Each structure stands twice: as C-alpha cells, then as structure tokens.
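K.L.:
I have a structure I would like to understand better, so I am pasting it below and will then ask my questions one at a time.
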Amino acid sequence: MTSKDETSSKKPERLAKVMARSGVCSRREAERWIADGRVRVNEVSIDTPATLVVPTDLIEIDGRLLPKKEETRLWIFHKPRGIVTTHFDPEGRETLFDLLPRHLPDHVISVGRLDLMSEGLILLTNDGELARKLEHPSSEIPRIYQVRIFGKLDPRGLDQLAKGITVNGVDYGPIQWRPGPQKGDNQWLEMTLTEGKNREIRKVVDHIGGRVNRLIRVAYGPFKLGGLESGTLKEIPSSDLASLLQ
C-alpha cells in the first residue's frame, strides 16, 4: 500500500481499479467489497476504494490473494427473453450466466444489462475495467435496438427524442430513431442511444403514447448481433480489442 505522494515510477493505482482489472469483479462491486471489509492490503484491512496500491502489494479478498490479471477477453452473447442479467437471482429465475458454457473463465461479467423481457446482444468480459469503459455514458458508445411498439405514437414526442426528453424528473439523452415496418397496431422503430439508463426505451416510449412489446439490441458500438442464435455466444478476436484497451 502506498500514499498518494509516492513517485509515479511505482505506478500507484486505485485499489478498486486494480481489483476490477483482475477480472474478479466490476469496479462497483470492488468498491462495495472494500466497504464491507472483505479486502486487505499487506495484511491490513482496507475501507476506502481510493487507497493506492503498487504491483508489489499483496491484495487479499476474503483471505485469498487477488489473482493475476488474465488476458482480456470479450464475447457477444445473444440473450433470450425471460432471462435475468445477473449472477444470482433471489427469486430463483434462470440467469444469463446459467446459460454460459463451462469452459469460460470463472470471472466473467456483463457490460451493462438487458431487462427481463429484452433480448439480443449483450457483451461479456473477464476485465472489469473494460466493462466499465464500455458501459459508461462518457464513452458515448452507440447502442442500436429494434423496437416493436403497440399504439399510436405522438409525432411531437418522436421529434423530442432526438433532442433529449425528461420523464418523471429523469433526463434522457438524445435518441435517434428510424421508422420500420408497421403491421396492424404494431410499429417497428430502430432506436440508437449512447447511455443505458434503467428501462430507458420502455419509459420514453410509454411517455409518448406507445407500449414496447418487443425490444432487441442488435449492436453495441462496433459489435453486431448478426445471425447469432439465441442463447449462444461468440468470442471477439483479440486483434479487435486493441483500440478498446488503450
């Protein structure tokens, strides 16, 4: 463990960041584990994620040494409807991680989430720092969705989406949209946004007079769902990750 004024030659980094980069957890989980008293550095219990550490420090979680960082890996998974995006569900529902092949590393986390009835592309990685970078709004990575909507939408509301909209006191950033096919009372839209607030598309569509009855994420930045079958995954080649890891 080191103080903030140590020389940069030792490359001190925040403890939570180092934990996340090892792949055992996300940055947010690391901060929570530290606050819960589960983390020790050089046999000293730590209670703040702002603690700085250097490569020679011994970091323990629940009495076990923090594993060395594995090579960063990234997968595309096609999430089916009715599956929760969590490692454990208190209601006993099937989770995304129940569907993953056993040969994957022990510590794989999702980049953000899709809600229970949403489907499509979700990214998985063994690198908590990469997950944080990909999901943080400041990265402005576009997410593209195919959205089927029941009901007649207010044209003025659709125009507002491109400028950003406030729903029940929550500000949502600009959402670009393009009309798709219409069958009866159902209208398809392609919607693109760069943030991922909880149930964002469902809430803004409801606000302008429609109801989402199907939501499929088809792209996340440069990564496309394509013809990947529901419930299956594919790994992104390491050569495609170079720009993301800078």
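The values are calculated or read from the model by the stated rules, or taken from the named source; none is laboratory data. What you see is a predicted model, and the numbers here were worked out from it, not measured in a lab. Because the Cβ atoms are built from the backbone with ideal geometry, glycine has one as well, and the counts that use them run over all protein chains shown.
K.L.:
Provide a single number: the residues in region 198-223 that are within 24 Å of residue 95 (Cβ to Cβ) and in a strand (DSSP E or B).
P.N.:
Looking only at that region, the number is 10.
K.L.:
Would you confirm whether any residue within region 231-240 is under 30 Å from residue 95 (Cα atoms), assigned to a loop (DSSP other than H, G, I, E, B), over 21 Å from the mean Cα position of the chain (by Cα) and not hydroxyl-bearing (Ser, Thr, Tyr)?
P.N.:
no
K.L.:
Which of the residues that make up region 116-149 are of a type in the set (Lys, Arg) and modelled with pLDDT of 90 or more?
P.N.:
Let us first name the residues in region 116-149 that are of a type in the set (Lys, Arg), namely 132-133, 143, 148.
Passing the criteria: 143, 148.
K.L.:
Confirm whether residue 98 is within 21 Å of residue 229 (Cβ to Cβ) and loosely packed, with under 13 Cβ neighbours inside 10 Å.
P.N.:
On the way: within 21 Å of residue 229 (Cβ to Cβ): yes; loosely packed, with under 13 Cβ neighbours inside 10 Å: yes.
Yes, satisfied.
K.L.:
State whether the residues of region 96-115 include one that is of a type in the set (Ser, Thr, Tyr) and at pLDDT 95 or above.
P.N.:
Restricting attention to region 96-115, the residues satisfying the condition of being of a type in the set (Ser, Thr, Tyr) are 110.
Next cut, at pLDDT 95 or above only: none.
No.
K.L.:
Among the residues that make up region 174-195, is at least one of them in a loop (DSSP other than H, G, I, E, B), under 19 Å from residue 81 (Cα atoms) and not β-branched (Val, Ile, Thr)? I'd like the intermediate steps shown before the answer.
P.N.:
First pass over region 174-195, keeping only residues in a loop (DSSP other than H, G, I, E, B): 174-175, 184-185, 194-195.
Applying the additional criterion that residues be under 19 Å from residue 81 (Cα atoms) yields none.
Taking every residue of region 174-195 in turn, none turns out to be in a loop (DSSP other than H, G, I, E, B), under 19 Å from residue 81 (Cα atoms) and not β-branched (Val, Ile, Thr).
K.L.:
Related question: Mind checking whether some residue in region 158-169 is of a type in the set (S, T, N, Q) and part of a strand (DSSP E or B)?
P.N.:
Step one: list which residues in region 158-169 are of a type in the set (S, T, N, Q), which gives 160, 166, 168.
Now restrict to residues that are part of a strand (DSSP E or B): 166.
Within region 158-169 (the criterion being of a type in the set (S, T, N, Q) and part of a strand (DSSP E or B)), the answer is yes, since at least one residue qualifies.
K.L.:
Residue 138 versus (1) of a type outside the set (D, E, K, R); (2) in a helix (DSSP H, G or I); (3) touching a Leu at 6+ places or on another chain (Cβ under 9 Å): which is the lone unmet condition?
P.N.:
(3)
K.L.:
Then there is this: Could we say that residue 152 is at pLDDT below 90 and assigned to a loop (DSSP other than H, G, I, E, B) here? So that I can check it myself, show each step before the final result.
P.N.:
Working: at pLDDT below 90: yes; assigned to a loop (DSSP other than H, G, I, E, B): yes.
In short, yes.
K.L.:
In region 148-196, what residues are touching a residue at least 60 places away in the same chain (Cβ under 8 Å) and of a type in the set (Asp, Glu)?
P.N.:
Step one: filter region 148-196 for residues touching a residue at least 60 places away in the same chain (Cβ under 8 Å), giving 148-151, 196.
Within region 148-196, no residue meets the criteria.
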